[in-house]
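Asks: Below is a structure I'd like to ask you about.
The values are calculated or read from the model by the stated rules, or taken from the named source; none is laboratory data. No experiment lies behind these values; they were computed from the predicted model shown. Glycine also receives a Cβ, built like all others from the backbone with ideal geometry; neighbour counts cover every protein chain displayed. When the accessible area is computed, the model is the full protein with side chains, heavy atoms only, and any ligands, DNA or RNA have been set aside. Shrake-Rupley method; radii C 1.70, N 1.55, O 1.52, S 1.80 Å.
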Amino acid sequence: MEQRGIYAPAALDQARATYGVAQAQYRQAQEQLAVAGLVARVDQATAAADDASRARAAVSEAAVRQAQLAPTAPAAGRIEDVFYRAGEWAPANQPVVALLPDARVRLRFFVNETALPAYKPGKTVRFACDGCEPGLTATIAYVSPRAEFTPPVIYSRGNRERLVFLVEATPERPAELAPGQPIDVFPLGR
């Protein structure tokens, strides 16, 4: 993956290399001090240790800058919207993309009161959708305690009761589904 930005990864590599050289000089100075026993070498070893410390700080600073200038997504998911493109100026603390994490994908469907006992939190349901592989399942996470009127746009095969209950389920493989995709849901054991 090519990374671009003000602070290139090459600067981080250079800081790491400087740190390695300073460590090697420090070790060499310590070995010379042990063999020769000269007091002057103590100053050289101290200077090499200081160089190593500065190089360690440079590596740490470069890693922080790289994380600030090229952040990673907090979770696996899909990009739902792009607010700013490469080369555009984005104000500070403004989102650049809208991310829909896989863990937040839910199936939302409505059931009438006669079918409600088959849909309880923790139970598994089978669902199907156009273009999806067969045998998909989801675990029910929420069942609304209150009835509501049937939404004006509902994907069903027949007329439903006017009062229905909202049910939300978490699919096993959320990355395979598209938001707003019509689904058919069936409780297992039916």
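Asks: Rounded to the nearest 20 Debye, what is the dipole magnitude of segment 61-117 about its Cα centre when Lys and Arg each give +1 and Asp and Glu each give -1 at the C-beta?
Replies: On the way: 6 positive and 6 negative charges, 12 e Å.
The calculated dipole for segment 61-117 is roughly 60 debye.
Asks: Here's another thing I want to ask about it. Within the accessible area of segment 59-127, what % is carbon and sulfur when the probe is 1.4 Å and the other protein chains stay in place? Spell out each step's value before the answer.
Replies: Numbers: 2680 of 4960 Å².
The computed percentage sits at 54.
Asks: Follow-up. Which parts of segment 40-68 would a label at Ala24 reach, counting a residue when its backbone N lies under 15 Å from a point 7 Å out along Cα-to-Cβ?
Replies: 52
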